[in-house]
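First the structure, which I've put down as structure tokens, then a few questions once you've had a look.
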Amino acid sequence: MSKLQLIIVLGVAILLGILVVQNRAPVETHLLFATVTMPHAFLLFIVAAAGFTLGVLVTLRKTAKRSGKQ
């Protein structure tokens, strides 16, 4: 891993740590018919993970369609 990549990874990790520390307060989230109370940081993590997963799935699907057409 190059030094630039290491610096970027450390920077993102530090920013993530700051985000978690600042968002520890519980929030109520309404999911269809249920109300769930969880820390704001955990909710942010769930949303980010869902977005990342969706992005990976869309990319894999587009890649599979391109390789099938050739």
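Throughout, read-outs are computed from the coordinates displayed, never taken from laboratory work. All figures in this text were calculated on a predicted structure; none of them were measured in a lab.
Per residue of the range 39-44, in order, report the coupling 6.51 cos²θ - 1.76 cosθ + 1.60 (Karplus, θ = phi - 60°) as ³J(HN,Hα) in whole Hz, putting x for Gly and Pro.
x, 4, 4, 5, 4, 4
Once phi is turned into ³J(HN,Hα) by the Karplus curve 6.51 cos²θ - 1.76 cosθ + 1.60 with θ = phi - 60°, what whole-Hz value does each residue of the range 23-30 show in order, with x for glycine and proline?
10, 8, 5, x, 10, 8, 10, 9
Could you tell me which of rounded, prolate or oblate describes the chain, using a ≥ b ≥ c as the square roots of the eigenvalues of the alpha-carbon gyration tensor, with rounded for a/c under 1.5 and, failing that, prolate when a/b is larger than b/c and oblate otherwise?
oblate
Could I ask something else about it? Enter the angle in degrees (range 0 to 90, nearest 10) between the Cα long axis of helix 3-22 and the first principal axis of the Cα atoms of the chain, meaning the one along which they spread out most.
Helix 3-22 and the main axis of the chain meet at about 30 degrees.
Sequence-distant or interchain residues sharing an amide H contact under 5 Å with Met38, placed H: which?
Val27, Thr29
Once phi is turned into ³J(HN,Hα) by the Karplus curve 6.51 cos²θ - 1.76 cosθ + 1.60 with θ = phi - 60°, what whole-Hz value does each residue of the range 57-62 show in order, with x for glycine and proline?
Using θ = phi - 60°, the values come out as 5, 5, 5, 5, 5, 5 Hz.
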